[in-house]
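Okay, so here's the structure we're looking at.
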């Protein structure tokens, strides 16, 4: 059986699945622990049960980089130097033309 190690304690299932997706896009296999307990809570708030993200030890450094970027939070919005479109800070490329921040025409 594969060994799993905890890498992040998500506040709720929504945060856990968001981060799980980000890690999986990077090729990191993720297992969620504690998510099933949320169904037993009934009417309690969504954040009443934390969900642990587990990964294989070999992916620890790559996952830490991704999670650190997440922890730093959302950047300020930025205007594309190519087409002038305003983009959310979380966008790494312009949603309209695909150029990266700081690149001109």
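Considering only the range 18-30, how many residues are without any contact (Cβ under 8 Å) to a residue 24 or more places away in the chain and within 8 Å of the chain's Cα centre (by Cα)? Result for the range 18-30: 2. Counting only residues that are in a helix (DSSP H, G or I) and either modelled with pLDDT under 95 or buried (at least 16 other Cβ atoms within 10 Å of the Cβ) (or both), the range 25-63 holds 13 of them.
Where residues in the range 69-92 are exposed (fewer than 14 other Cβ atoms within 10 Å of the Cβ), in contact with a strand residue (DSSP E or B) (Cβ under 8 Å, 6 or more places away or on another chain) and in a loop (DSSP other than H, G, I, E, B), which of them is modelled with the lowest pLDDT? Filtering the range 69-92 for residues that are exposed (fewer than 14 other Cβ atoms within 10 Å of the Cβ), in contact with a strand residue (DSSP E or B) (Cβ under 8 Å, 6 or more places away or on another chain) and in a loop (DSSP other than H, G, I, E, B), the one modelled with the lowest pLDDT comes out as 89.
The values are calculated or read from the model by the stated rules, or taken from the named source; none is laboratory data. The model shown is predicted, which means the values in this text are computed figures rather than measured ones. Please note: Cβ atoms are built from the backbone with ideal geometry, for glycine as well, and neighbour counts cover all protein chains shown.
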